[in-house]
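Each value in this text was obtained by applying a stated rule to the coordinates, not by laboratory testing. Values in this document were obtained by computation on a predicted structure and should not be read as measured data. Heads up, the Cβs are rebuilt from the backbone with ideal geometry, glycines too, and the neighbour counts pull from every protein chain shown.
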Amino acid sequence: MDTVVQVVQHMRPGGIETMALDLVKFCEKHEKALIISLEGDRESAIQHWPKLKPVSEKLIFLKKKPGLNPALIYQLSRLLKNMKANVVHTHHIGPLLYAGIASRLSGVKHLIHTEHDAWHLNNPRRCKLQRWTIRLTRPHLVADANSVAISVKKQLRLNKTINVIHNGIDTKHFIPGNQSNARQFFGLPQNVQLVGCSGRLEKVKGQKNLILSLSQLSETVHLALAGEGSLETELRQLVKSLKLDDRVHFLGRIDEMPTFYQALDIFCLPSLNEGLPLSPLEAQSCGIATAVTDVGGAAEALCPDSGKLIPANNISAMSSAIHKTLRHPSKIDPRCFVQQHRDVRLMARSYTAIRQKGG
């Protein structure tokens, strides 16, 4: 039996972490799949993200503190040897630095590294560190979107091939449902047109622009925000200053995400930076019309026949796209696109094929 170990920075709710969990869930029968989180501890992680509880025995936490910790490389090396790991799969620069070197020290046969975005490489020091780490560890490189692969290759000045494996979601979990029942579940108003957005309430996710665009739309249009973050107080103050208190609904962290999407008329992702985001795929898999800002690989998560692509940081364009979608809904079901091209099972099989090639 092959032992496949993914290494992430932490296990907080997010796209990378969700993808790692899906790869564990949909691993091959002959594989033992585990996740190592450099930061955090099991109890705190499960408390903040109950979704982890069913797979807690597959999670290992190293409780890394902030800052550089060279000793962690040797700790990881011993751990990987004890696990008899055949494959190590890292996500982002921190895990690549620690687990990549540890993999080479412990003789792991296959090392895969996935890049989930390229904008972090705009930092010269981080870019230099990543270039050095890739040369040292020689991983099989994967990007989650074509645009990410192009940007990473250019910024890191790489000659080697970067495979593209698009992120996928479980289309058997994210399914269409009854809108009225879904709204009742969250206590949302019934007789309005509802725009939804899910994600961390942080500047990079762009919820501020979405709130500002709502102020340009009819009073019958409401906004539901799913997620937590450091900007929540600031966003609530913005809503109050715009007198949108009755039209913006802060739902906090949600575990019943399919129900959230089912409550909507349109899903909008207003991000300022992205890799290939999962939330538009989840919404479209639930049959919900979707609009995203044209950043990173977001366009590659959008059904080309029904979705709306919005220029980044353009509030007027965002409100216009939402208005047009609500007024003239597409007759094309975006779920078909996700089922055919972005299902998690396709993603899992693609990673299995990469491992079989070697890396």
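Using the rule -39500 (n - 2.57) for each DSSP H run of four or more residues, divided by the residues of the chain, the 222 nm mean residue ellipticity is -11000 deg cm²/dmol.
Per the Cα gyration tensor, the chain maps to an equivalent ellipsoid with semi-axes of 36, 20, 20 Å, ordered largest to smallest.
Largest mean-square fluctuation among Asp245, Asp343, Asp144, in a Gaussian network model of the chain whose springs join Cα atoms under 10 Å apart, belongs to Asp245. For region 4-63, the list of trypsin sites (Lys or Arg not before Pro) that fall in a loop by DSSP and count at most 10 other C-beta atoms within 10 angstrom reads Lys29. At a threshold of 8 angstrom on Cα-Cα distance, excluding pairs fewer than six apart, so keeping six or more, what relative contact order does region 179-341 reach in percent? Computed over region 179-341, the figure is 23 percent. Going down the list Lys208/Lys240; Lys205/Lys308; Lys25/Lys308; Lys29/Lys58, which pairs span over 24 Å between their C-alpha atoms? From the list (Lys208/Lys240; Lys205/Lys308; Lys25/Lys308; Lys29/Lys58), the Cα-Cα distance tops 24 Å for Lys25/Lys308.
Under the criterion of Cα pairs below 8 Å and six or more residues apart, the relative contact order for the chain equals 15 percent. Evaluated at q = 0.23 Å⁻¹, the base-10 log of the normalised Debye intensity for region 56-166, with identical point scatterers placed on the Cα atoms, takes the values -1.32. Using only side-chain charges placed at the Cβ, +1 for Lys and Arg and -1 for Asp and Glu, the dipole size of the chain relative to its Cα centre rounds to 1500 debye. When the chain is treated as a Gaussian network with alpha carbon springs shorter than 10 Å, the biggest mean-square fluctuation among Ile35, Ile165, Ile73 belongs to Ile73. Ranking of Ile169, Ile254, Ile112 by neighbouring Cβ atoms within 10 Å, starting from the fewest: Ile254, Ile112, Ile169.
Its residues counted as N, region 250-359 yields a C-alpha radius of gyration over 2.2 N^0.38 Å of 1.15. Setting aside same-chain residues fewer than 8 positions from Lys63, which aspartates and glutamates have a Cα under 13 Å from its Cα? Partners within reach: Glu39, Asp41, Glu43.
Listed by Cβ neighbour count within 10 Å, with the fewest neighbours leading, Lys81, Lys205 appear as Lys81, Lys205. With neighbour counts taken as other beta-carbon atoms within 10 Å, the residues Glu39, Glu115 rank, fewest first, as Glu39, Glu115.
Highest mobility in the GNM of the chain, judged by mean-square fluctuation with C-alpha springs under 10 Å and restricted to Gln284, Gln47, Gln130, is found for Gln47.
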